[in-house]
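Data block below; observations after.
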Amino acid sequence: MARWATQVPTWTTAAIADTTALTDGNHHTIQGGSTTQRGELRRIYVSGQAAASAPQIMVCGRTATAGTTLTTARMASLDPATAALAAPPSCYTAATTDPGRNATLGMLVALGFNAYGGIVNWQNGQDEIISYLGNAVNFGELSINCFTGTTAAAVQSEIVFETL
């Protein structure tokens, strides 16, 4: 079991309804590296970079459409002795086909905050495990994105996860 972190230094949020395709640069998504790979979220940290008040109706949830032809984001193991994964997960913010939040499975963690200097830091409890399984629709991706009513703003995000 190895812990990994993926960071996106700056991305711009957007108000997106359920099942509507996200657009490049307005989400931070993890997709499993193989059809059988399982991973668990350990921490989500988002900090605001807005110059004025910008409420974020941010959520972490599953996607109804899996991203294809991904433009990957930064990802690194937390332990330097971690062996490279044969099929590493893909962490991305852009794709030829972007994901869309699943209407029934799409909101697992509420991450609301004000991007005008605000932060949100979610850590799972022992019995609050959020995981992905495989790399296909519904269970193979987890995404941070914003719901309808969000004021667009620049944010920075980090997701810490463990591959099992």
Point-to-point label distance, residue 15-residue 121, nm (Cα→Cβ direction, 7 Å offset): 3.0
For the chain, built as a Gaussian network whose Cα springs stay under 10 Å, the top-fluctuating residue of 56, 37, 126: 126
Zone residues, the stretch 1-33, relative to residue 162, backbone N less than 11 Å from point 7 Å out along Cα-to-Cβ: 1-4
Percentage relative contact order, the stretch 2-163, counting C-alpha pairs under 8 Å, at least six apart: 49
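Every read-out reported here was derived from the displayed coordinates using simple, explicitly stated rules and does not represent laboratory data. Here the structure is a predicted model, which is why all the values come from computation and not from measurement. Note that each Cβ is placed from the backbone with ideal geometry, even for glycine, and that neighbours are counted across all protein chains shown.
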